[in-house]
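To start, the structure itself, in structure tokens.
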Amino acid sequence: MKTLIAACLLLASTSAWSQEAPPCPTLPASAGLQWEQRVDTTFIACKAVTADGRQVLNVMLTSRDPRISLERRLREEEGTFSGEDVYWYRLDLGGRDMPGMQSRRITVVELDNDRYAQVWINAESAEELDSLLALTEQLDVRATSAQLSAGN
């Protein structure tokens, strides 16, 4: 009887694990990155880290409009993210020019049904920036973002 109860509890806990928050979008194996994930009912934060622990890409999926003002004068590259056309922007540090900032980017994407993606790239070089921009074009977050609570 104890074995039966233990088996039922194990099955119940397994099903609870499988129903937990959806994973971050799939990263290509060739990227050499792994996601660190934080989940809430209104957001999913995905941080792609290198083998040495450096964060190079951050994706925040949310059901709230982030209301981040991205100024046209800071616009750099054009691209796509999860099937949507985007512009990438340099970070605005209040007019200060800090070393290493020229290879960092940010964008905000409005997905369907009031879902948003905020994406940051923290590259160390122009080459790594190009690689990460290409990587973001491969990511699809629609299935994951659709599971967020709307309007919270």
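The values are calculated or read from the model by the stated rules, or taken from the named source; none is laboratory data. The model shown is predicted, which means the values in this text are computed figures rather than measured ones. Neighbour counts run over all protein chains shown; Cβ positions are idealised from the backbone, glycine included. Heavy atoms of the whole protein, side chains included, go into the accessibility calculation; ligands, DNA and RNA do not. Shrake-Rupley method; radii C 1.70, N 1.55, O 1.52, S 1.80 Å.
Averaged per residue, what accessible area in Å² does segment 100-140 show with a 1.4 Å probe, protein chains only?
48 Å²
Filter the trypsin sites (Lys or Arg not before Pro) in segment 63-95 to those in DSSP coil with at most 10 other Cβ atoms within 10 Å of their Cβ, and list the result.
Answer in residue order: R67.
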